[in-house]
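Report on the following structure.
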Amino acid sequence: MPFSDFPLAEPLLRAVSHYPDPTRIQSEAIPVILDGREVLATAQTGSGKTTAFVLPLLQRWFVDAQRVTRNRPLNALILVPTRELAAQVRSVVQECSAHLAERPKIVSAVGGVSINPQMMALRGGADFVVATPGRLLDLVSKNALSLSGVKSLVLDEADRLLDLGFAEELTQILELLPDRRQNLLFSATFPKKVEALAREWLREPISIRVDDEPENTPDISQRAIRVDQDKRTPLLRHLIEHEDWKRVLVFVGSQYTADHVAMKLRRNGIRSWAFHGDLGQGARSEALEDFKNSHFKVMVATDLAARGLDIEQLPVVVNYDLPRSPDDYTHRIGRTGRAGESGDAVSFVTAENEAHFRLIEKRNDFRLAREEIAGFETSEVAEAKPASAGTGGIKGRRKSKKDKLREAAARKAAE
Ligand code: AMP
């Protein structure tokens with residue numbers, strides 16, 4: 001079914017005319033959102049989900065006569081977990097509305113930057129607000145906006161919102177919204193927390209699952225390379241040079257390692273930059289833009305970059321340090337192989353983390369042969385622990401105090 005079969009205004013159709021056809025999530029979600037139904041969708045970033053909710057919301061805004069009143073009610077509130085995702089969603093709203101004679105007013109309400117320009121921007125109301133939860137509540141407490149007239153609420157990456165510990169803020173926000181509204185919930189995975197949220201807040205939602213459709217399965221080859229812990233940076237350099245990697249996203253476990261590895265690579269003539277929550281908002285946006293525009297080759301990032309980021313033509317993702325959880329593994333490798341391209345996801349497996357990697361494999365139902373690269377043969381012997389023994393790094397059902405602290409820190413970094 002082509003886009004033109006949807007009852008969308010011509011300027012909106014024109015905005016997506018460069019796409020050959022709607023993606024699966026778009027085909028399924030656009031008609032039901034236009035009908036005013038609630039949606040519970042499982043869709044990965046990269047499946048075209050943003051356009052899937054933005055187009056019908058714009059259509060509904062477009063036909064809504066209320067938009068001409070002076071103090072317009074907020075048409076759509078889009079809650080996202082990170083600033084980067086907010087910027088991406090905002091740009092999709094802008095792109096999709098580019099041909100409308102009258103454009104909607106879109107305001108980003110995200111943390112990490114001064115609140116004053118956002119307060120100014122909200123004067124006279126807004127049509128679309130893309131927000132991270134904490135900053136949205138700050139703005140509400142300063143009477144910069146009211147949520148009582150919101151017509152549609154989107155929870156984008158609901159699993160990540162809850163992972164980052166936004167549950168309390170979400171509840172507060174949901175209480176401030178009018179009862180009569182349309183709820184649209186998008187989530188890459190459906191842990192119990194998301195299910196509970198959906199059960200409590202959604203009214204007879206239409207469930208859409210597109211993640212296991214074969215044509216939506218990204219073409220990602222996974223590799224596990226055995227290496228000694230202290231040889232990982234030289235191996236990374238070797239692979240970048242000998243396998244001619246054009247652009248690489250390298251995941252590490254800490255901000256310190258991100259800075260350190262990026263610096264080491266730079267010293268060896270490989271253009272690299274670190275990306276983590278300790279950088280100011282300006283530096284983060286700039287690094288991301290420069291990476292997207294190929295101004296440098298390697299971005300060494302913490303899990304801040306694991307979800308939501310949409311970087312076209314990213315052929316390789318490397319797990320220099322393994323992710324903590326099997327879910328994070330899925331999100332990290334999902335940064336490559338996007339929009340129909342193929343990608344490589346390479347994990348460095350050391351004697352120390354072999355058991356942890358086995359647990360990631362087991363939980364995600366795959367098993368990779370371990371490669372060794374000539375010149376980097378391992379000297380350390382992996383302990384033959386059973387996969388279930390893990391390393392203590394995998395998230396358990398009950399959160400430890402440390403997990404809670406980590407969650408709070410991640411949330412602070414994300415907002
Ligand atoms: P998402 O993060 O799920 O919103 O997906 C965004 C990616 O999907 C971007 O690279 C878009 O250019 C791409 N995309 C969105 N709609 C389509 C479409 N109909 N056909 C092909 N690619 C699309």
Exercise. Of all residues in region 103-113, which are under 23 Å from the mean Cα position of the chain (by Cα) and either among the aliphatic types (A, V, I, L, M) or part of a loop (DSSP other than H, G, I, E, B) (or both)?
Worked result: I106, V107, A109, V110, G111, G112, V113
For this session: Go through region 261-316 residue by residue and tally those that are within 17 Å of Y329 (Cα to Cα) and either in contact with a Cys (Cβ under 8 Å, 6 or more places away or on another chain) or in a helix (DSSP H, G or I) (or both).
Result: 3
Problem set entry | Filtered residues of region 195-229 (kept if part of a loop (DSSP other than H, G, I, E, B) and at pLDDT 85 or above) | L202, R203, E204, P205, V227, D228
Exercise. When you scan region 337-354, how many residues do you find that are modelled with pLDDT under 80 and surrounded by 21 or more Cβ atoms within 10 Å (Cβ to Cβ)?
Worked result: 2
Problem set entry | Number of positions in region 244-258 that are of a type in the set (D, E, K, R) and in contact (Cβ under 8 Å) with a residue 24 or more places away in the chain | 2
Seminar exercise, completed: Scanning region 24-51 residue by residue, those near the ligand (Cβ under 6 Å from one of its atoms), crowded, with 23+ Cβ neighbours inside 10 Å and either of a type outside the set (G, A, S) or more than 21 Å from the chain's Cα centre (by Cα) (or both) turn out to be Q26, K49, T50, T51
Problem set entry | So R247, is it touching a Lys or Arg at 6+ places or on another chain (Cβ under 9 Å), surrounded by 14 or more Cβ atoms within 10 Å (Cβ to Cβ) and more than 19 Å from T336 (Cβ to Cβ) | no
Exercise. So, of the residues in region 103-140 that are surrounded by fewer than 21 Cβ atoms within 10 Å (Cβ to Cβ) and β-branched (V, I, T), which turns out to be nearest to the ligand (Cβ to nearest atom)?
Worked result: I106
Exercise. Within region 37-55, can you find the residues that are outside any helix (DSSP H, G or I) and either modelled with pLDDT under 95 or not acidic (D, E) (or both)?
Worked result: R37, V39, L40, A41, T42, A43, Q44, T45, G46, S47, G48
For this session: Report, by residue number, each residue of region 90-129 that is of a type in the set (V, I, T) and touching a residue at least 40 places away in the same chain (Cβ under 8 Å).
Result: V92, V110, V113, V129
Exercise. In region 148-169, which residue that is surrounded by 22 or more Cβ atoms within 10 Å (Cβ to Cβ), closer than 20 Å to L57 by Cα and aliphatic (A, V, I, L, M) is nearest to the chain's Cα centre (by Cα)?
Worked result: A158
Exercise. Mind checking whether some residue in region 241-249 is in the same structural domain as T350 (by TED's automatic domain parsing), at pLDDT below 95 and either among the small types (G, A, S) or in a helix (DSSP H, G or I) (or both)?
Worked result: yes
Exercise. Could you say which residue among L12, L77, L100, L58 is touching a Leu at 6+ places or on another chain (Cβ under 9 Å), modelled with pLDDT of 90 or more, more than 15 Å from the ligand (Cβ to nearest atom) and outside any loop (DSSP other than H, G, I, E, B)?
Worked result: L77
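The values are calculated or read from the model by the stated rules, or taken from the named source; none is laboratory data. This structure is a prediction, so every number in the text was calculated from the model and none was measured. Quick reminder, even Gly has a Cβ in these numbers, built from the backbone with ideal geometry, and neighbours come from all protein chains shown.
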